[in-house]
Amino acid sequence: MKRRTFVKAIPLGLAGATFSLNFPSLIAAVAGEKHTDWSYDDPESWGYLSQDYQVCSLGNQQSPIDLQSPISSELQPIEIVYQDIPLKLLNNSHTIQVNSNSDNYIIIDGEKFDLLQFHFHHPSEHTVTGKTYPMEVHFVHKNKEGSLAVLGVFLQEGQENAILKSIWEAMPSHKSEEKLIEGVKISLAQLLPNDQTMYRYFGSLTTPPCSEIVHWIVFQNPLEISSTQIHKFKQIFPLNARPIQPLNRRFLLSYSE
Ligand SMILES: [Zn+2]
């Protein structure tokens, strides 16, 4: 079993870290239970679709944000322990999601967050001083209290991405149940940039119920994906990115090795 461990630094302290205003609906969302349907056609309406989604409109720690003018920080180490996983994926009608039930986790301030799944957005949700990337990957982790930590990785146009190739070959073009692709392993560690310069801030889910329970860690340096690969995803999801939200009274921190 291949296993790579990264020891990285992240900011101390989570300014304004508050727990969910609508925690039951988050649990329902994570558990895949029924909830009010929503779409990317009108993200401004999400907060009015259901009482459970109110924080999408009323929250003041929403994601994504434009990553600009970060405060450079001396940070505590983050440990990322990722290994190869069997490929289990689905189309949940909002994105392609790859599930993890192996022992993959990150440790932030001594707290363990287990990897639940990763998924894709086209174009990127976060922007960097106004710049949008063609795609963004989100690795979603949860601790035992139900708080989330999401690692974000930008994808820019360039060489074909060999790791994504096996996911793209298997991805369902319509809504589907999870399926296991026999004999295919995904090397998670290779889906993270070698350069570990990161942004960090506290925010929310970028889909309803928009719960403000997410420690966001976004890698500054992108990975590459070919234009053909971008095009294939775009044919399934022409746009699955929430618009930029205001930073309000939050700190955006950065860390560089
Ligand atoms: Zn996402």
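Things to note:
- Looking only at the stretch 86-97, residues that are crowded, with 21+ Cβ neighbours inside 10 Å and either away from the ligand (no atom under 16 Å from the Cβ) or farther than 17 Å from Ile230 by Cα (or both) come to 1 in all.
- For the stretch 172-207, taking the residues that are assigned to a loop (DSSP other than H, G, I, E, B) and surrounded by 21 or more Cβ atoms within 10 Å (Cβ to Cβ), the one that is nearest to the ligand (Cβ to nearest atom) is identified as Thr206.
- Taking (1) open to solvent by 10 Å² or more (accessible area, probe 1.4 Å); (2) closer than 23 Å to Glu178 by Cβ; (3) more than 12 Å from the ligand (Cβ to nearest atom) in turn, Val140 satisfies each apart from (3).
- Close pairs (6 angstrom Cβ cut-off, 6 or more residues apart or separate chains): more than 22 Å from Gln235 (Cα to Cα) and touching a residue at least 40 places away in the same chain (Cβ under 8 Å) in the stretch 119-147, within 10 Å of the ligand (Cβ to nearest atom) and among the hydroxyl-bearing types (Ser, Thr, Tyr) anywhere: none
- Filtered residues of the stretch 213-223 (kept if of a type outside the set (A, V, I, L, M) and open to solvent by less than 10 Å² (accessible area, probe 1.4 Å)): Trp216, Phe219
- Hits in the stretch 229-257 (condition: open to solvent by less than 70 Å² (accessible area, probe 1.4 Å), outside any helix (DSSP H, G or I) and of a type in the set (A, V, I, L, M)): Ala241, Leu247, Leu252, Leu253
Residue by residue, here is whether (1) touching a helix residue (DSSP H, G or I) at 6+ places or on another chain (Cβ under 6 Å); (2) aliphatic (A, V, I, L, M) holds:
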site	(1), (2)
Pro172	no, no
Val184	yes, yes
Ala189	no, yes
Tyr201	no, no
Ser204	no, no
Glu212	no, no
Ser226	no, no
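- Candidate set: the stretch 98-128, residues that are under 17 Å from Trp216 (Cβ atoms) and over 15 Å from the mean Cα position of the chain (by Cα); chosen: the one nearest to the ligand (Cβ to nearest atom): Val128
- Subset of the stretch 121-137 that is open to solvent by less than 20 Å² (accessible area, probe 1.4 Å) and in a strand (DSSP E or B) - its residue that is farthest from Ile186 (Cα to Cα): Thr127
- Filter pass, Ser226 being in contact (Cβ under 8 Å) with a residue 24 or more places away in the chain, open to solvent by less than 70 Å² (accessible area, probe 1.4 Å) and within 16 Å of the ligand (Cβ to nearest atom): no
- Residue satisfying all of: in the stretch 65-85; open to solvent by 10 Å² or more (accessible area, probe 1.4 Å) and of a type outside the set (S, T, N, Q); nearest to His126 (Cα to Cα) among these: Asp66
- Given (1) at pLDDT 95 or above; (2) out of contact with any Cys (no Cβ under 7 Å at 6 or more places or on another chain); (3) of a type in the set (Gly, Ala, Ser), number of the condition Gly59 does not satisfy: (2)
- Residue pairs whose Cβ atoms lie under 9 Å apart, sitting 6 or more positions apart in sequence or on different chains, and linking a residue in the stretch 90-114 that is free of Cβ contacts under 8 Å to residues at least 24 places away in the same chain to a partner that is open to solvent by 30 Å² or more (accessible area, probe 1.4 Å) and not in a strand (DSSP E or B), are Gln97/Glu178.
The values are calculated or read from the model by the stated rules, or taken from the named source; none is laboratory data. These numbers were taken from a predicted model, which means no experiment stands behind them. Virtual Cβ from ideal backbone geometry, glycine too; neighbours counted across all protein chains shown. We work out accessible area using only protein heavy atoms, side chains counted, and drop any ligands, DNA or RNA first. Shrake-Rupley method; radii C 1.70, N 1.55, O 1.52, S 1.80 Å.
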